[in-house]
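Here the structure comes first, spelled out in structure tokens, and everything after it is commentary.
The values are calculated or read from the model by the stated rules, or taken from the named source; none is laboratory data. Here the structure is a predicted model, which is why all the values come from computation and not from measurement. A quick note on method: Cβ atoms are made from the backbone with ideal geometry, for glycine too, and the neighbour counts reach across all protein chains shown. Keep in mind that these areas ignore ligands, DNA and RNA; they rest on the heavy atoms of the full protein, side chains included. Shrake-Rupley method; radii C 1.70, N 1.55, O 1.52, S 1.80 Å.
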Amino acid sequence: MAGTNFATHEVSNQSPPFRDLNLFLTDAALQEAAKRERAAASHEELAAFGAAAGSAEAFELGRLANENQPRLRRFDQKGFSLDLVEFHPAYHEVMRRSCRAGLHCSTWEHLQGAEALPRDGVQVARLLCFYMTTQTEAGHLCPVTMTHAAVPTLRMQPEIADALLPRMLSRRYDERFRPHGEKAGITIGMGMTEKQGGTDVRANTTMARPAAAAGPGREYILVGHKWFLSAPMCDGFLMLAQAEGGLSCFFVPRFLPDGGVNPLRLQRLKDKLGNRSNASSEVELQGAHGWLIGEEGRGIATIIEMVTLTRLDCVVASAGQMRLALAQAVHHCRHRRVFQRHLVDQPLMAAVLADMALDVEAATLLAFRLARAFDEAASDEGAAAWRRLMTPVTKYWVCKIAPALGYEAMECLGGNGYVEEGLAARLYRELPLNAIWEGSGNVMCLDVLRVLAQDAAAVDSVLADLEGVSGGDRRVQAALRGLHNLLADRENLERQARHLVETLARTAAAALLRAHAPAAVAEAFIATRLDGGFRHTYGAGVAPADRRVLLDRALPALE
Ligand SMILES: Cc1cc2nc3c(=O)[nH]c(=O)nc-3n(C[C@H](O)[C@H](O)[C@H](O)COP(=O)(O)OP(=O)(O)OC[C@H]3O[C@@H](n4cnc5c(N)ncnc54)[C@H](O)[C@@H]3O)c2cc1C
């Protein structure tokens with residue numbers, strides 16, 4: 001057998017490679033989410049996607065795209081500016097596949113066709129595929145997400161949107177560095193963060209002055225910098241800069257209408273902990289041309305929809321990455337024998353895995369409940385309330401619990417987990433990212449406080465919703481009463497904001513699991529996460545009888 005022919009020993013007791021598995025059909029919670037949240041995609045379509053997403057080839061492309069990091073080429077041999085980033089072919093291939101699947105555009109395709117309205121469940125359908133894709137390659141989903149999220153903001157300036165949408169909504173990936181009008185498909189990025197402030201974008205110092213007349217849709221000249229500009233090979237960016245009327249939003253293309261290159265001077269690429277397939281640059285705007293989207297001074301209001309949609313993708317990506325961490329750990333423990341027994345049959349390991357499975361169930365359920373709220377918010381007040389309140393709540397909780405779960409899954413793999421050839425090390429480096437960008441933890445908590453102050457009806461609506469689905473469970477009811485008490489303590493709201501947001505996330509997960517998950521899952525989650533047994537490390541509290549049910553559900557036995 002290949003690889004066993006050592007003179008000194010035989011290779012044995014290593015778990016078989018974790019690949020060539022259908023990421024949809026091996027994931028019971030995901031299949032249930034597709035049905036429950038009314039995905040606009042059939043079981044067969046999602047199963048076909050899951051097979052491709054979990055193929056050995058897809059995992060290999062993910063490895064290659066991350067081990068061969070993008071490289072910045074600032075100048076050519078003769079000293080002329082290039083400002084190009086070169087990617088490994090594997091990166092272009094994963095981009096090509098995700099664009100072909102419509103991950104950057106499927107939600108908006110009705111805008112181009114005869115259909116006047118989006119189909120129900122388009123957001124859920126897209127995000128199911130996103131959840132699977134992030135498991136094999138996460139970094140390229142940055143420009144995929146940003147392109148998708150840019151659509152509503154661009155549409156606030158219809159003549160600019162009209163020029164861009166046909167190519168943004170194309171399912172063809174075109175990697176060439178060419179003016180967008182010459183390309184088969186384009187991608188869009190986002191430039192908000194500067195050195196002196198990311199969260200506090202009002203501190204932006206990049207200046208914008210009108211090239212001629214001022215006003216929506218007009219051309220401006222931008223001078224300044226962006227400290228984080230991911231996916232700089234995008235064909236254009238939505239950027240914030242200070243105009244005379246205040247912080248404003250601009251569309252800044254890589255090429256100018258006359259075919260010249262817009263002076264976005266890439267200074268260097270960030271040397272990041274993870275997310276290595278994706279390039280994140282520092283850039284100087286040396287008189288770059290940008291076109292105003294919306295009114296001067298309305299920059300935050302203009303770009304907020306892009307930010308909100310990006311937060312949803314962060315939630316789903318973190319849930320998907322947690323799922324991969326768990327599935328790998330369960331797979332390994334089913335094959336690895338220690339002290340003559342498979343790890344999965346060792347009571348202590350079964351307790352750890354089952355406890356992790358509870359958080360993956362909760363994260364997946366909350367993520368897709370939120371996705372449906374995005375699908376329905378335009379026509380349903382309850383969904384709009386869920387979207388407004390539960391976007392920051394879910395982003396806070398799911399993105400924040402993900403790194404700890406990734407670490408525990410790594411430990412389940414033993415020493416192999418800590419080695420770069422496996423998936424666990426790359427995943428571990430990726431996992432903190434979604435909590436940091438697009439609104440870090442505290443910022444999400446402050447956003448929840450903003451909802452309380454500005455839209456108390458949304459909070460009442462969500463709490464009533466949770467009460468309704470809790471099935472009269474006394475522990476969920478008690479948690480809801482606790483939440484009402486926390487909310488009533490106005491004086492201490494900011495100090496207690498993390499406690500409030502975490503409690504709301506766990507209570508929502510508990511209520512939804514009670515309503516939708518198998519009894520063993522709901523019971524174990526409520527008993528450990530609401531009744532106070534959970535101590536931020538995994539392995540305590542799940543009853544032995546429930547462990548087997550949870551693990552069989554988490555991952556069916558693979559060949
Ligand atoms: C890999 C990567 C890629 C990125 N790509 C992009 C990109 O393409 N475009 C872009 O615009 N940005 C990008 N960012 C930047 C990212 O969005 C910011 O780093 C993030 O918004 C935080 O801003 P900051 O770094 O300035 O931190 P700060 O704003 O200084 O925040 C630091 C900490 O303080 C906390 N904090 C802030 N305000 C308060 C408060 N009032 N009370 C309590 N705590 C508070 C925050 O939660 C955070 O934990 C990227 C970041 C990373 C890591």
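Looking at Asn66, Gly299, Ala515, which one has the Cα that reaches farthest to the positive end of the dipole of the chain (charges on Cβ: Lys, Arg +1; Asp, Glu -1)?
Of the listed residues, the answer is Asn66.
Given +1 on the Cβ of Lys and Arg, -1 on the Cβ of Asp and Glu, and no further charges, what dipole in debye does the chain carry about its Cα centre, rounded to the nearest 20? Present the calculation step by step, with values, prior to reporting the outcome.
Values: 61 positive and 65 negative charges, 144 e Å.
In debye, rounded to 20, the chain gives about 700.
Below 20 Å, Cα to Cα, which aspartates and glutamates can Lys272 reach? Residues fewer than 8 away in the same chain don't count.
Lys272 reaches Glu67, Asp83, Glu86, Glu137, Glu194, Glu282, Glu284, Glu420, Glu421, Glu430, Glu438.
Can you send over the carbon and sulfur percentage of the accessible area for region 28-168, probe radius 1.4 Å, protein chains only?
53 percent
Relative contact order for region 119-268: what percent, with Cα pairs under 8 Å and sequence separation of 6 or more?
19 percent
List the residues of region 367-398 whose backbone N lies under 20 Å from a point placed 7 Å from the Cα of Ser440 along the Cα-to-Cβ direction.
Counting backbone N atoms under 20 Å from the label point, the list is 392-398.
Calculate, in nm to one decimal, what His110 and Lys35 gain on full extension: separation in residues at 0.36 nm each, minus their alpha carbon distance. Display every interim value, and only then the final one.
Values: separation 75, 0.36 × 75 = 27.00 nm, distance 2.22 nm.
So the chain would gain 24.8 nm between His110 and Lys35.
Per residue, how much accessible area does the chain show when a 1.4 Å probe rolls over the protein heavy atoms, in square angstrom? Could you put the intermediate results ahead of the total?
Working: 23220 Å² over 559 residues.
Averaged over the residues of the chain, the accessible area is 42 Å².
For an R0 of 30 angstrom, estimate the FRET efficiency from the Cβ-Cβ distance between Asp455 and Arg535 and round to the nearest 0.05.
Efficiency, from the Cβ-Cβ distance: 0.30.
Thinking of region 187-300 as a set of Cα atoms, what percent of all their pairs are more than 23 Å apart?
For region 187-300, the fraction of Cα-Cα distances above 23 Å is 22 percent.
Excluding same-chain residues fewer than 8 positions from Lys270, which lysines have a Cα within less than 22 Å of its Cα?
Lys195, Lys226
Between Arg74 and Phe6, what is the label-to-label distance in nm when each label sits 7 Å out along the Cα-to-Cβ direction?
With each label point 7 Å from Cα toward Cβ, the separation is 4.6 nm.
Nothing charged except the Cβ atoms of Lys and Arg (+1) and of Asp and Glu (-1): what's the magnitude of the dipole of region 28-168 about its Cα centre? Round to the nearest 20 debye.
Here region 28-168 has a charge dipole of around 220 debye.
Using only Cα atoms, locate the centre of region 196-245 and the centre of region 491-511, then give the distance between them in Å, rounded to an integer.
After rounding, the separation between the Cα centres reads 35 Å.
With the crude spin-label approximation of a point 7 Å out along Cα→Cβ, what separation in nm comes out for Asp20 versus Ala478?
Result: 5.0 nm between the two label points.
Could you point to the residue in Phe339, Ala325, Ala425 farthest towards the positive end of region 322-474's charge dipole, with +1 and -1 charges on the Cβ of Lys/Arg and Asp/Glu respectively?
Farthest towards the positive pole: Phe339.
Within region 46-86, report the chymotrypsin sites (Phe, Trp or Tyr not before Pro) that DSSP leaves as loop and that have at most 12 other Cβ atoms within 10 Å.
Phe80
For region 187-300, calculate the relative contact order in percent as a whole number, restricting contacts to Cα pairs under 8 Å that are 6 or more residues apart.
32 percent
Suppose only helical runs count, i.e. DSSP H with n ≥ 4. What mean residue ellipticity at 222 nm does that imply for the chain under -39500 (n - 2.57) per run, divided by all residues and rounded to the nearest 500 deg cm²/dmol?
Working: 18 runs with 273 residues, N = 559.
Computed mean residue ellipticity for the chain: -16000 deg cm²/dmol.
Given a cut-off of under 8 Å on Cα pairs at least six residues apart, what relative contact order in percent is computed for the chain? Let's see the in-between values first.
Details: 1034 pairs, mean separation 76.0, N = 559.
After rounding, I find 14 percent.
Can you tell me how the chain classifies by the Cα gyration tensor, rounded, prolate or oblate, using a/c under 1.5 as the rounded cut?
Oblate.
If R₀ is 25 angstrom, what is the calculated FRET efficiency for the pair Glu45 and Ala184, using the beta carbon separation as r and rounding to 0.05?
Calculated value: 0.55.
Between Ala543 and Val338, what FRET efficiency comes out of the Förster formula 1/(1 + (r/R0)^6) with R0 = 22 Å and r the beta carbon distance, rounded to 0.05?
0.40
Compute the signed sum of charges (Lys and Arg +1, Asp and Glu -1) over the other residues within less than 14 Å, Cβ to Cβ, of Ser55.
-2
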